[in-house]
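Read the figures in this text as sums done on the coordinates, not as results from a lab. Since the model is a prediction, treat every value here as computed from it, not as a measurement. Here the Cβ is made from the backbone with ideal geometry for all residues, glycine too, and neighbour counts use every protein chain on show.
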Amino acid sequence: MNEEISIPSDSEGFYSLECPYCGERFKALGGDIDAEDTLEIYCPSCGLADDSNSFIPQDVIEHAQTIAMNYMKQEMNKTFGKAKRSMKGSGISFDFKKMKEEKPKELTEDETMEQVKLHCCDKTIKVHGDQTTDTIYCPYCGVN
Ligand SMILES: [Zn+2]
Ligand SMILES: [Zn+2]
């Protein structure tokens, strides 16, 4: 299966990220994280860097996987449902139980985050309100 798993973003196109070191959550714009020259992301809170994939929160991964699985189940249900119908009256019967779709894990959108403009890289991220431009590290260049 090479269904692409898409990570959900909020209404403004921000993706939730979580630092693998300190667990601090922040948000960044999808286009910035996916950019070819963004290989590593610096945590705005502790300033440590890691591969951008390491910053995807576990609940977001599970959410995306459930959606991908549901898509696959829908396709299977369609395919087998058709096969079952076409075999009607042919004397051959087979039993196919529809696969149940699972409800994707509820993602809690953090509404307490505020947008911060990073002048060093001319990018915008979202961090918790108690962090300010003076205390955060830029996720893209690591500048404090
Ligand atoms: Zn951190
Ligand atoms: Zn920067």
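Quick notes on this one:
- Computed Kirkwood radius, in angstrom, where 1/r is averaged over Cα pairs of the range 88-144: 15.9
- Estimated inter-spin distance, Asp51 and Cys121, nm [label 7 Å along Cα→Cβ]: 1.8
- Taken over the alpha carbons of the range 61-102 as equal point scatterers, the Debye sum produces base-10 log I(q)/I(0) values at 0.30 Å⁻¹ of -0.97.
- The convex hull defined by the C-alpha atoms of the range 56-129 has an orientation-averaged projected area of 7.7 nm².
- Interatomic Cα distance distribution for the chain, bins of 10 angstrom, percent: 11, 33, 24, 13, 10, 7, 3, 0
- Relative contact order %, the chain, counting alpha carbon pairs below 8 Å whose residues are six or more apart: 28
- Sites Asp37 and Met76, calculated FRET efficiency, Cβ-Cβ separation with R0 35 Å, nearest 0.05: 0.30
- On the principal axes of its alpha-carbon atoms, the range 28-83 has extents of 55, 22, 15 Å, going from largest to smallest.
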